[in-house]
1. Spelling out what I want: for every residue of the stretch 78-93, take phi, set θ = phi - 60°, compute 6.51 cos²θ - 1.76 cosθ + 1.60 (Karplus), and round to whole Hz; glycine and proline get x.
2. Suppose R0 equals 41 Å. What FRET efficiency, 1/(1 + (r/R0)^6) with r the Cβ-Cβ distance, do Ser185 and Arg71 give to the nearest 0.05?
3. With just the Cα atoms of the stretch 43-190, tell me how far they stretch along each of the three principal axes, in Å, largest first.
4. So for the pair Arg209, Asn119, with labels modelled 7 Å out along Cα→Cβ, what separation do we get in nm?
5. Given points 7 Å out from each Cα along the Cα-Cβ axis, report the Arg98 to Ala83 separation in nanometres with one decimal.
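Only the coordinates and a few stated rules stand behind these numbers; no lab work does. The shown structure was predicted, so the numbers you read here are calculated from the model rather than taken from an experiment. Glycine gets a Cβ as well: all are built from the backbone with ideal geometry, and neighbour counts include every protein chain shown.
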Amino acid sequence: MSRLRLALAIQALAGLAGSALAAPVAAPDARALLAGEPPALVRTLERQHFVLLEEVERGEGAFFLAYVIFRRPAERVYELLAASERQSEYRPDLRESRRVELLPDGQVDEHRMRILFVNIVYRLRYSRDPSRARIAWLTDPRFDNSVRKVEGFWELFALDAQRALGRFGTMVDVGPALPRSFQDSLTRKNVLRNVEDVRRWVDSDGAWRP
């Protein structure tokens with residue numbers, strides 16, 4: 001796969017999806033979390049509804065963290081983000097997402113994309129914890145994925161009766177064909193765009209399309 005095609009794959013792989021809702025959601029209160037953040041960051045978050053927090057360097061690359069404010073109750077946000085079959089509504093790059101295995105705490109989905117005439121196929125193992133309002137995903141090592149690793153999570157917190165705070169994290173590693181610094185730069189750029197897309201989709205209760 002060429003560097004250009006791999007670069008485009010990174011843009012599509014900063015995924016934001018979850019798995020099916022299985023139990024009542026208990027979102028923690030956001031106030032304690034935000035109390036530990038700098039006041040200037042909280043003001044920016046309230047004004048822009050989104051802020052990229054930091055890049056945490058790990059062995060395989062940078063893990064990008066962000067906050068986003070949703071104008072929906074936390075329980076509804078969780079329900080929407082957990083509906084993996086609806087990902088294509090805010091991810092036009094995704095041609096197909098289908099469940100291939102049901103697990104006790106989640107499921108395994110197969111994602112298919114086509115980028116510049118190249119088929120990208122990978123499987124993500126989703127796990128959910130409604131008691132913490134948390135959804136996480138990781139490439140299934142049992143499958144011959146087209147990328148080395150995709151990892152991410154959503155954690156939801158209740159701001160008030162009508163709004164939720166989302167904490168998002170993601171890391172994408174397509175393999176040795178692209179320099180690590182280039183991959184991280186592309187992931188950072190696409191976190192900014194993709195989180196904004198999912199915020200609009202959730203705020204519209206699933207009606208908005210990119």
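1. Once rounded to whole Hz, the list reads 4, 4, 5, 5, 7, 7, 4, 5, 9, 4, 5, 5, 10, 10, x, 6.
2. Numbers: r = 31 Å, r/R0 = 0.75.
Efficiency computed from Cβ-Cβ geometry: 0.85.
3. The principal-axis extents, from largest down, are 44, 35, 27 Å.
4. Roughly 2.6 nm, to one decimal.
5. Going by the 7 Å Cα→Cβ label model, 2.1 nm.
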